[in-house]
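*Asks:* Let me give you the structure first, and then I'll get to my questions.
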Amino acid sequence: MNDYETYNLGDTLLQSGQQLPQAFIAYKTYGNLNAAKDNVIVVPTWFAGIHTDNEWLIGTDKALDPSRYFIIVPNMLGNGLSSSPSNTPAPYDKNNFPLISMYDNVHAQHQLITQKFGISKIKLVVGWSLGAMQVYQWGTSYPEMVERIAPFGGTAKSRPHTQLVFEAMIAALQADSNYKNGRYERPPVAGLAAMGRAYAPWGFSQAYYLEKLYQSEGYDSLKSYVEDYWDQVFLPFDANDLITMLRTGIYGDISDNPVDDGNFEQALSKITAPALVMPGSSDLFFTPEDSSYDAQHMPNAVYQPVESKWGHCFGIGANEEDSLVIDRHLKQFLET
């Protein structure tokens with residue numbers, strides 16, 4: 001039995017101009033919607049993440065307290081639970097699945113939140129990595145609806161270096177001869193493992209590896225860590241689903257719309273809600289410098305880096321020290 005629900009979006013016109021027939025979004029809720037419908041927090045998922053991966057943020061002793069708030073965790077399009085290459089009928093299945101933008105994700109979430117629940121105000125949108133990119137998109141697409149945003153470990157636009165990291169991950173996967181241009185008959189396991197190895201140097205910092213911090217996760221050597229964690233991490237996912245999410249990240253840019261027409265600073269200036277921007281201090285591809293630039297061009301943003309040796313993965317909930325810092329900042333932000 002699934003621990004989540006789905007909402008049918010119907011035939012959906014995407015930002016690319018393509019149609020996605022009978023699209024749907026998978027989501028899970030925590031807590032209860034109050035009578036005023038003003039206790040809502042939205043927590044989008046991230047690349048290769050599903051709703052349960054965000055649950056470390058949620059708890060009665062945490063900022064995202066389900067006894068106070070109605071928390072909605074929508075799954076990204078392409079993650080295997082919402083509409084994805086792996087669950088869409090032909091002819092839009094597998095490698096024929098259309099490009100999904102950050103705007104498409106947030107538009108689908110907006111449809112869920114307004115039409116399914118009748119919600120018109122959101123107290124906070126918060127998320128990590130590609131989830132953070134969706135947070136920025138919420139801020140610029142629906143400024144009248146969102147009261148606060150808190151993106152951490154992600155930027156409002158993928159910079160060239162970030163794009164190259166994602167492209168390298170795709171290339172590693174597609175190099176597997178079993179990939180067969182996306183029409184594989186069995187999972188391209190070698191390619192999925194290679195994708196993990198391509199991501200490993202970017203997911204964590206130099207200090208993380210130098211100081212063998214992976215030992216705190218139960219791995220006694222770098223070799224065992226790479227083989228037992230990174231070689232396995234993407235195996236549960238469909239290869240085309242992973243590529244769909246990575247392409248969403250590659251093209252992620254809040255100014256990619258007809259109104260802003262690529263004027264990134266203009267798009268950032270439209271995010272008028274109070275914003276808490278929290279990069280990881282040692283993140284190698286969603287860098288603190290890029291997050292600082294984003295925050296400087298938003299009228300009500302606070303730039304609050306999280307000091308961590310866990311690189312980009314400071315925000316996955318695996319390192320308790322980092323998680324406590326993030327939660328403390330969110331508690332203070334919600335109280336202001």
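The values are calculated or read from the model by the stated rules, or taken from the named source; none is laboratory data. Note that the coordinates shown come from a computational prediction; the quantities given were computed from them, not determined experimentally. Backbone-built Cβ (ideal geometry, glycine too); neighbour counts: all protein chains shown. Areas reflect the complete protein model, heavy atoms only, side chains present, ligands, DNA and RNA absent. Shrake-Rupley method; radii C 1.70, N 1.55, O 1.52, S 1.80 Å.
*Asks:* Filter region 15-34 for residues that are of a type outside the set (Val, Ile, Thr) and under 15 Å from the mean Cα position of the chain (by Cα); which is nearest to ILE119 (Cα to Cα)?
*Replies:* If we take residues in region 15-34 being of a type outside the set (Val, Ile, Thr) and under 15 Å from the mean Cα position of the chain (by Cα), then TYR27 is nearest to ILE119 (Cα to Cα).
*Asks:* So which residues in region 1-34 are open to solvent by 40 Å² or more (accessible area, probe 1.4 Å) and part of a loop (DSSP other than H, G, I, E, B)?
*Replies:* Once the filter is applied, which keeps residues that are open to solvent by 40 Å² or more (accessible area, probe 1.4 Å) and part of a loop (DSSP other than H, G, I, E, B), region 1-34 yields MET1, ASN2, ASP3, TYR4, GLN15, SER16, GLY17, GLN18, ASN32, LEU33, ASN34.
*Asks:* So the check is Cβ under 7 Å with 6+ separation or different chains; which pairs have a first residue in region 166-185 that's within 16 Å of THR248 (Cβ to Cβ) and open to solvent by 70 Å² or more (accessible area, probe 1.4 Å) and a second one that's of a type in the set (A, V, I, L, M) and in a helix (DSSP H, G or I)?
*Replies:* Here the result reads GLU167/ILE250, each pair linking region 166-185 to a residue that is of a type in the set (A, V, I, L, M) and in a helix (DSSP H, G or I).
*Asks:* Moving on to the next point. Where in region 172-274 are there helices (runs of 4 or more DSSP H), lying wholly inside it, with at least 2 residues that are more than 23 Å from the chain's Cα centre (by Cα)?
*Replies:* Those helices (runs of 4 or more DSSP H) span 189-203, 206-210, 222-225.
*Asks:* Checking the structure you have, find out if any residue of region 247-259 is aliphatic (A, V, I, L, M), surrounded by fewer than 22 Cβ atoms within 10 Å (Cβ to Cβ) and over 21 Å from PHE47 (Cα atoms).
*Replies:* Of region 247-259, the ones aliphatic (A, V, I, L, M) are 250, 254, 259.
Pick out the ones that are also surrounded by fewer than 22 Cβ atoms within 10 Å (Cβ to Cβ) and you get 250, 259.
Okay, now just the ones that are also over 21 Å from PHE47 (Cα atoms), so 259.
Within region 247-259, one or more residues are aliphatic (A, V, I, L, M), surrounded by fewer than 22 Cβ atoms within 10 Å (Cβ to Cβ) and over 21 Å from PHE47 (Cα atoms).
*Asks:* Within region 186-198, can you find the residues that are within 17 Å of SER86 (Cβ to Cβ), touching a helix residue (DSSP H, G or I) at 6+ places or on another chain (Cβ under 7 Å) and open to solvent by 10 Å² or more (accessible area, probe 1.4 Å)?
*Replies:* Result: ARG186, PRO187.
*Asks:* Just need a number here: residues in region 144-165 that are in contact (Cβ under 8 Å) with a residue 24 or more places away in the chain and over 16 Å from LEU276 (Cβ atoms). Walk me through it before giving the result.
*Replies:* Looking only at region 144-165, we keep the residues that are in contact (Cβ under 8 Å) with a residue 24 or more places away in the chain, and these are 145-159, 161-163, 165.
Now drop any that are not over 16 Å from LEU276 (Cβ atoms), which leaves 145, 157-159, 161-163, 165.
Summing the residues that are in contact (Cβ under 8 Å) with a residue 24 or more places away in the chain and over 16 Å from LEU276 (Cβ atoms) in region 144-165 gives 8.
*Asks:* Which residues, counting only those in region 261-287, are without any contact (Cβ under 8 Å) to a residue 24 or more places away in the chain and touching a Ser or Thr at 6+ places or on another chain (Cβ under 6 Å)?
*Replies:* Across region 261-287, the qualifying residues are GLY262, ASN263.
The rows are residues; the columns are (1) acidic (Asp, Glu); (2) more than 21 Å from SER16 (Cα to Cα); (3) under 19 Å from the mean Cα position of the chain (by Cα); (4) surrounded by fewer than 19 Cβ atoms within 10 Å (Cβ to Cβ).
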{"site": "ALA36", "(1), (2), (3), (4)": "no, yes, no, yes"}
{"site": "VAL42", "(1), (2), (3), (4)": "no, yes, yes, no"}
{"site": "GLY49", "(1), (2), (3), (4)": "no, yes, yes, no"}
{"site": "GLY59", "(1), (2), (3), (4)": "no, yes, no, yes"}
{"site": "PHE70", "(1), (2), (3), (4)": "no, yes, no, no"}
{"site": "ASN75", "(1), (2), (3), (4)": "no, no, yes, no"}
{"site": "GLY78", "(1), (2), (3), (4)": "no, no, yes, no"}
{"site": "LEU81", "(1), (2), (3), (4)": "no, yes, yes, no"}
{"site": "PRO89", "(1), (2), (3), (4)": "no, no, no, yes"}
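*Asks:* Would region 43-56 turn up any residue that is assigned to a strand (DSSP E or B), of a type in the set (Val, Ile, Thr) and within 26 Å of ASN257 (Cα to Cα)?
*Replies:* no
*Asks:* May I ask you to list the residues in region 275-287 that are buried (at least 24 other Cβ atoms within 10 Å of the Cβ) and either of a type in the set (S, T, N, Q) or assigned to a loop (DSSP other than H, G, I, E, B) (or both)?
*Replies:* Passing the criteria: PRO279, ASP283, PHE286.
*Asks:* Consider ASP65 against the criteria (1) of a type outside the set (A, V, I, L, M, F, W, C); (2) farther than 29 Å from LEU242 by Cα; (3) open to solvent by less than 10 Å² (accessible area, probe 1.4 Å): it satisfies all of them except one. Which criterion is unmet?
*Replies:* (3)
*Asks:* Taking the criterion of being part of a loop (DSSP other than H, G, I, E, B), open to solvent by less than 40 Å² (accessible area, probe 1.4 Å) and either at pLDDT below 95 or among the small types (Gly, Ala, Ser) (or both), would at least one residue in region 288-306 satisfy it?
*Replies:* Scanning region 288-306 turns up no residue that is part of a loop (DSSP other than H, G, I, E, B), open to solvent by less than 40 Å² (accessible area, probe 1.4 Å) and either at pLDDT below 95 or among the small types (Gly, Ala, Ser) (or both).
*Asks:* Which count do you get for residues in region 79-119 that are part of a helix (DSSP H, G or I) and closer than 16 Å to GLY49 by Cβ?
*Replies:* Here the count works out to 3.
*Asks:* Now for a separate question. Of the conditions (1) surrounded by fewer than 20 Cβ atoms within 10 Å (Cβ to Cβ); (2) touching a Leu at 6+ places or on another chain (Cβ under 7 Å); (3) assigned to a loop (DSSP other than H, G, I, E, B), LYS309 satisfies every one except a single condition; which number is it?
*Replies:* For LYS309, the exception is condition (1).
*Asks:* Identify, please: which residue in region 215-246 is touching a residue at least 24 places away in the same chain (Cβ under 8 Å) and of a type in the set (A, V, I, L, M) and is, among those, surrounded by the fewest Cβ atoms within 10 Å (Cβ to Cβ)?
*Replies:* LEU235
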